[in-house]
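One structure is given below, encoded as structure tokens.
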Amino acid sequence: MGNAVKLGIVGVRVLGQWQVECVATLAAAEVTAVADNAETFHVVGRGETSLTEYADSIGAAAYTDGVAMIENADIDAVSMCVSPKWREPLVVAAAKRQLPVIMEKPMAWDTAQGEKLARIATDAGIMLMMEYPLRYFPAMEKLKSLLGDGPLGRPLSVTGELQACFMYPKDHWTWDPKNGNGFLNESITHLYDTLCFICGTPVNVYAKGRSYKGVSDMADAALVMIEFENGSYAAANGGAIGTTSFQTPMYVHVFAENGEARVTGPDWMYNKIEWATTDDKEMRVEEFSLPDRRQIMLYSLGHFTECARDGAAPSCDAEDGLNCMRIVDGLRESIATGNVVDLA
């Protein structure tokens with residue numbers, strides 16, 4: 001593999017286009033192939049555009065079939081920006097060709113499907129990275145460096161919030177039980193991954209939630225208590241009952257052995273950390289610039305392409321994806337039964 005990783009992207013109607021924009025800023029990668037089965041789709045600044053026109057505009061080969069792209073295109077790695085329903089044959093094709101994979105969240109519609117995808121990748125010995133971009137923002141990486149062996153020590157109690165200000169229509173694939181399997185799985189999984197990034201492996205959950213908007217029978221908001229293997233606890237307040245004018249504010253507040261920290265930011269991104277040890281007399285504050293909202297995956301794609309180039313293991317792998325699936329499956333059961341649900 002050369003210095004620039006040749007990336008093929010399956011699915012370029014929305015997030016795939018965002019990835020193209022991100023990769024254009026990376027010295028270590030280039031998009032050389034794209035695949036989509038839509039004859040035309042909306043491209044920002046251009047309107048309805050054909051796949052061939054879009055591919056030509058970015059200097060990439062165009063394929064109408066993702067498997068065909070993976071099997072035949074001049075690529076070193078593949079990004080899967082299609083919904084969970086369509087991923088298994090793509091992972092099989094990547095495994096056969098020994099290509100590293102980055103997969104959009106959520107990993108699957110449930111844990112069983114996620115485990116199947118993970119086994120395909122593991123058996124073939126290929127890298128499978130989950131695309132959870134929030135853990136790669138500088139403010140969140142700073143928080144991670146403060147915990148564990150850092151000055152704040154082990155996290156004890158964490159609260160986090162992500163209440164989106166939009167709702168998918170009832171015919172959207174998000175609500176298909178064999179595809180997106182609900183808003184909490186499709187979108188609020190970002191929050192669950194962030195808490196796992198901070199605290200580690202989840203072991204049980206207890207949740208209360210419901211369908212507040214009435215678009216689906218599935219819960220569109222939930223308050224979830226998660227216990228982790230290291231003895232820490234987190235409370236996650238997530239869903240789709242936010243207000244547009246608030247711009248989807250996000251936060252996590254960590255109380256640790258030797259201090260506390262709070263990470264905040266607007267519009268699904270983190271840009272500020274406030275922290276102090278128990279001995280500090282004043283709180284420390286660091287702020288970071290944010291990329292454009294469409295470049296939210298900039299840091300995670302940079303990590304993936306470096307790992308693909310160097311043959312290194314990613315810091316967000318299939319097991320991280322499965323941890324989020326277990327949380328979502330567990331919180332559904334907890335809402336239905338009123339019980340604490342073990343995730344083993």
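Quick note: the coordinates plus some simple rules give every number you see, no bench work behind them. None of the values given here were measured: they were computed from a predicted structure. Cβ sites come from the backbone with ideal geometry, for glycine too, and all protein chains shown count toward neighbours.
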Legend entry - Pairwise centroid distance, computed over Cα atoms, of the range 1-34 with the range 73-106, Å: 13
Inset, instruction - Pull out a ≥ b ≥ c, the square roots of the eigenvalues of the alpha-carbon gyration tensor of the range 256-344, then state rounded if a/c is under 1.5, prolate if not and a/b is larger than b/c, and oblate in the remaining case. - result: oblate
Inset, instruction - Under 13 Å from a label point 7 Å along Cα→Cβ of S157: give me every residue in the range 235-251 with its amide N that close. - result: 235
Inset, instruction - In whole Å, largest first, what are the principal axis extents of the Cα atoms in the range 212-302? - result: 49, 35, 29
Inset, instruction - Could you sort out which of K144/K170; K6/K142; K96/K116; K85/K144; K144/K281; K116/K178 sit more than 26 Å apart by Cα distance in this structure? - result: K144/K170; K6/K142; K85/K144
Inset, instruction - Could you grab the relative contact order for the chain? Cα pairs under 8 Å, six or more apart, rounded to a whole percent. - result: 19
Inset, instruction - In whole angstrom, note down how far apart the Cα centers of the range 113-180 and the range 290-336 are. - result: 4
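Nearest 20 debye, what's the magnitude of the dipole of the chain about its Cα centre given +1 on Lys and Arg Cβ and -1 on Asp and Glu Cβ? Can you show the working numbers first?
Values: 28 positive and 46 negative charges, 84 e Å.
For the chain, the charge dipole is close to 400 debye.
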Inset, instruction - Under a 10 Å cutoff between Cα atoms, tell me which one of D220, D149, D74 has the largest fluctuation in the Gaussian network model of the chain. - result: D149
Inset, instruction - Apply the Kirkwood formula to the range 35-178: the hydrodynamic radius equals the inverse of the mean of 1/r over all pairs of different alpha-carbon atoms; give it in Å with one decimal. - result: 18.2
Legend entry - Over the range 1-147, relative contact order from alpha-carbon pairs under 8 Å, at least 6 apart, %: 20
Legend entry - Cα gyration tensor, the range 98-228 - rounded (a/c under 1.5), prolate or oblate: oblate
Inset, instruction - In a Gaussian network model over the chain where Cα atoms closer than 10 Å are linked, find which of L128, L322, L147 has the largest mean-square fluctuation. - result: L147
Inset, instruction - Evaluate the Debye formula for the range 113-156 with equal point scatterers sitting on the alpha carbons, no solvent, and hand back log10 of I(q)/I(0) at q = 0.20, 0.28, 0.31 Å⁻¹, in q order, two decimals. - result: -0.73, -0.89, -1.01
Inset, instruction - Take the alpha carbon gyration tensor of the chain, find the square roots of its eigenvalues, order them as a ≥ b ≥ c, and report rounded if a/c is under 1.5; if not, report prolate when a/b exceeds b/c, else oblate. - result: prolate
Legend entry - Where labels lie 7 Å past Cα in the beta-carbon direction, separation of K116 and D171 in nm: 2.7
Inset, instruction - Under 10 Å from the Cβ of A118, count the other residues' Cβ atoms, weight Lys and Arg +1, Asp and Glu -1, and hand me the total. - result: -2
Inset, instruction - Could you check how many percent of all C-alpha pairs in the range 1-68 are farther apart than 21 Å? - result: 18
Legend entry - Efficiency of FRET from Cβ geometry, A27 and D280, R₀ 30 Å, rounded to 0.05: 0.20
